[in-house]
1. Would you mention how many residues in the stretch 179-205 are of a type in the set (A, V, I, L, M), more than 14 Å from Arg160 (Cα to Cα) and touching a residue at least 24 places away in the same chain (Cβ under 8 Å)?
2. Quickly run through the stretch 282-302 and pick out the residues that are buried (at least 20 other Cβ atoms within 10 Å of the Cβ) and more than 23 Å from Glu346 (Cβ to Cβ).
3. How about the stretch 303-320: which of its residues are modelled with pLDDT of 75 or more and surrounded by fewer than 13 Cβ atoms within 10 Å (Cβ to Cβ)?
4. If I filter the stretch 199-211 down to residues being open to solvent by 30 Å² or more (accessible area, probe 1.4 Å) and touching a helix residue (DSSP H, G or I) at 6+ places or on another chain (Cβ under 6 Å), which single residue comes out as modelled with the highest pLDDT?
5. Restricting to the stretch 70-98, count the residues that are open to solvent by 40 Å² or more (accessible area, probe 1.4 Å) and closer than 17 Å to Val116 by Cβ.
6. Do we find a residue being open to solvent by 20 Å² or more (accessible area, probe 1.4 Å) and within 15 Å of Arg363 (Cβ to Cβ) anywhere in the stretch 254-262?
7. Can you tell me which residue in the stretch 166-180 is nearest to Val202 (Cα to Cα), limited to those that are in a helix (DSSP H, G or I) and open to solvent by 60 Å² or more (accessible area, probe 1.4 Å)?
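The values are calculated or read from the model by the stated rules, or taken from the named source; none is laboratory data. This is a predicted model, so every value here is computed, not measured. A quick note on method: Cβ atoms are made from the backbone with ideal geometry, for glycine too, and the neighbour counts reach across all protein chains shown. In case anyone asks, the SASA skips ligands and DNA or RNA and just uses the protein heavy atoms, side chains included. Shrake-Rupley method; radii C 1.70, N 1.55, O 1.52, S 1.80 Å.
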Amino acid sequence: MSASVTGRPDRSPTLRGGNGHGHVLGLPLPGITCAVLTSAIRQVEDALLEGANPDDREALTAVIAAVALAVGRRTPAYVVDRRPQPPALVGRVLEVLRATLLRSWRGGSASTSAYVVLRHVAAVEELREALERTPLQDFTAQLNGPDGADALAEVLHDLRSPLSSICCLAERLEQGGSGVVNDLQRRQLRLIHIAAVQLGMVANDAIDASHDAAVRCDDDLAPLSITKVFNAVASIVRPMAEEKGLELRFVRPARDYRVGCEDVLGRVLLNLVTNALKFTHVGWVEVAAAERSDGWVEFSVRDTGPGIRPEAVERLFRPFRRVAAGPTHRFSRTGLGLALSRSLAETLGGTLRHESPEGGGTRFWFEADLPPLTRP
């Protein structure tokens, strides 16, 4: 014989009386002092436990007990913190309890105060609202808390794997790896690949920006080939250039092999080239590396796009800037790519600068401390 919320047997024949289903409506509930709520909870028990199978009966008993305390003490946490499962049971209990309270009021019993009933009905609604908003509040609270950057990074990490899979699959399909594709299908697959690459870059930028203090080069110094870095960038951005009919140029330095941080260098160049391709519609994009004194190399990315409006220059490297969109809108709304690129350029020893002459076109450049690799 199972127990009700009070701990007493719920179908005892000695408890017949007030409701005709086996309970004395006024029998006290632990932690509840209001007779109106006690009576309503007893009726909820009878309505929901009657004929319930053993598994549902146990869950319902626990839910009814939590709801009784949450409503009686106007403290939704009694239910919210427990997160009883399945959630549909809580909704059913609240629905029946609300209807029971309103029915007791309409019944016109002299002992039933309208104020008391409405207070409990309001508590039921507060509990319902708390349950509805809890998952979103938990997430936003974590994002706004001291570990918000870590929470955002975890979400973005979850995006990177499927985006990488989309890139690989789209590229394989475009190249005929699973059968012949026609020109229209090839173009559509290329667009899918481009979109996935750009989304992946946004995720990478946001992850790196959330851990800006961790961006360092000193531990990653190793021999590198500027040609190899250029080729890696070209392999990613070439589909974008071809889709828009843009010429993609690379100018290599006299001495190719250097010592430096290959990953950071490639990341800065990829961000700058992708940005140039995104906002250039006619002409070309050029990536150049030029020798400077004492082992320094100047890297630049030029394009024949619309250029940068003077009023936008002040906010150029500011993330999450607010700018009005228009035909000459030049950069993404978040601005993470340029902000991160400037930070990464500094780890290479230089400063990211730009110029946008009157008449169009933009050039970004920075110097990197990359001593020539000397053979022993």
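1. The total comes to 3.
2. Hit for the stretch 282-302 is Val285, nothing else.
3. Passing the criteria: only Pro310.
4. Leu199
5. 3
6. Scanning the stretch 254-262 turns up no residue that is open to solvent by 20 Å² or more (accessible area, probe 1.4 Å) and within 15 Å of Arg363 (Cβ to Cβ).
7. Of everything passing the filter in the stretch 166-180, Ile166 is nearest to Val202 (Cα to Cα).
The rows are residues; the columns are (1) of a type in the set (A, V, I, L, M); (2) touching a residue at least 24 places away in the same chain (Cβ under 8 Å); (3) farther than 26 Å from Leu373 by Cα.
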{"residue": "Glu247", "(1), (2), (3)": "no, yes, yes"}
{"residue": "Val251", "(1), (2), (3)": "yes, yes, no"}
{"residue": "Arg258", "(1), (2), (3)": "no, yes, no"}
{"residue": "Gly266", "(1), (2), (3)": "no, yes, no"}
{"residue": "Asn275", "(1), (2), (3)": "no, yes, yes"}
{"residue": "His281", "(1), (2), (3)": "no, yes, yes"}
{"residue": "Trp284", "(1), (2), (3)": "no, yes, yes"}
{"residue": "Glu291", "(1), (2), (3)": "no, yes, no"}
{"residue": "Trp296", "(1), (2), (3)": "no, yes, no"}
